[in-house]
1. So which of LYS18/LYS71; LYS68/LYS174; LYS84/LYS187; LYS68/LYS130 end up more than 29 Å apart, counting from Cα to Cα?
2. Hey, can you grab everything whose amide H is under 5 Å from the amide H of LEU93? Only 5+ residues off in sequence or another chain; H modelled, so Pro and N-termini drop out.
3. Comparing GLY110, GLY173, GLY128, which has the greatest mean-square fluctuation in the GNM of the chain with Cα pairs linked when under 10 Å apart?
4. Within a 10 angstrom radius of the beta carbon, how do LEU3, LEU117, LEU131 rank from fewest other beta carbons to most?
5. Can you give the translational diffusion coefficient of segment 26-114 in µm²/s, computed by Stokes-Einstein from the Kirkwood radius over Cα pairs at 25 °C and 0.890 mPa s?
6. Once the convex hull of the C-alpha atoms of segment 98-147 is built, how many Å³ does it hold per residue, rounded to a whole number?
7. Which of ALA221, ALA116, ALA70 moves most in a GNM of the chain, Cα contacts under 10 Å?
8. Cut-off is 10 Å between beta-carbons; in what order do MET14, MET82 appear when sorted fewest neighbours first?
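Bear in mind that the values in this text are calculations on the coordinates, not laboratory data. What you see is a predicted model; the values in this text were computed from it and never measured. Backbone-built Cβ (ideal geometry, glycine too); neighbour counts: all protein chains shown.
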Amino acid sequence: MALRNFFVGGNWKMNGNKESLEEASATLNTASLHDQTEVVCGAPSIYLDFARSSLDLRIGVAAQNCYKVAKGAFTGEISPAMIKDCGADWVILGHSERRHVFGESDELIGQKVAHALESDLSVIACIGEKLEEREAGTTEEVVYTQTQVIAENVKDWGKVVLAYEPVWAIGTGKTASPEQAQEVHEKLRAWLRANVSDDVADSVRIIYGGSVTAANCRELASQGDVDGFLVGGASLKPEFVDIINARA
Ligand code: PGA
């Protein structure tokens, strides 16, 4: 099996101000972080520049969204070119809040993925089922459909991290059990093997998101197909360092 470096993303969402984000950045800058773990912080777009100048260069910066074209009359949107211009190399796309609060469709997310990758950004592509979908037994169908649309828009999987985030676990304090996470991650890897290639299945990081904390990260990280995390609430707390070091 190809070696997959652990990947931990922090998703700051619409939280913080310059003072608190500088403080959170200083905590990360001075912490001892496992050197085989890739760390990326997702900043609000207005703070991308600020996050890039506050965080040590060993920590990547991500935007939390972007639009599907480089420029134009799209009031309120930002483009991958602008994200790169601020020194950030990543973008989170398809987050459940984009899908379910802002009504983004699979099709739009796919177009964004394609344009971000063409613009040389790396992408944290998010998928995940809602509670009613899990209860109806359609988790696999939902995540395969979401992954399929992403896959149709990816040429270079080296620049993609897939984030499995069950919607019912995001911001709820209800983490998926290590077994539940492993089960879906394993199936997603099998899907990649069947529909993309062995190489991609072996090398793509599949990370888990949804109420990850310092208390539950080690057990989740010990699962064979859990290659890291996307962390919301805990990413602005000192415990984010423990989550980054979950495999250390
Ligand atoms: P949470 O958010 O860790 O606060 O549940 C995760 C996410 O939305 O990426």
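1. Details: LYS18/LYS71 27 Å; LYS68/LYS174 33 Å; LYS84/LYS187 33 Å; LYS68/LYS130 25 Å.
The pairs that break the limit, which is 29 Å between Cα atoms, are LYS68/LYS174; LYS84/LYS187.
2. Here the answer is ILE124, ALA125, CYS126, since their amide H atoms fall under 5 Å of that of LEU93.
3. GLY173
4. Values: LEU3 7, LEU117 23, LEU131 13.
Exposure proxy ranking, most exposed first: LEU3, LEU131, LEU117.
5. Numbers: Rh = 14.1 Å.
It diffuses with D of about 174 µm²/s by this estimate.
6. Values: hull volume 3.8 nm³, N = 50.
About 77 Å³ per residue, rounded to a whole number.
7. Of the options given, ALA70 has the highest mean-square fluctuation.
8. Working: MET14 8, MET82 18.
The fewest-first ordering by Cβ neighbours comes to MET14, MET82.
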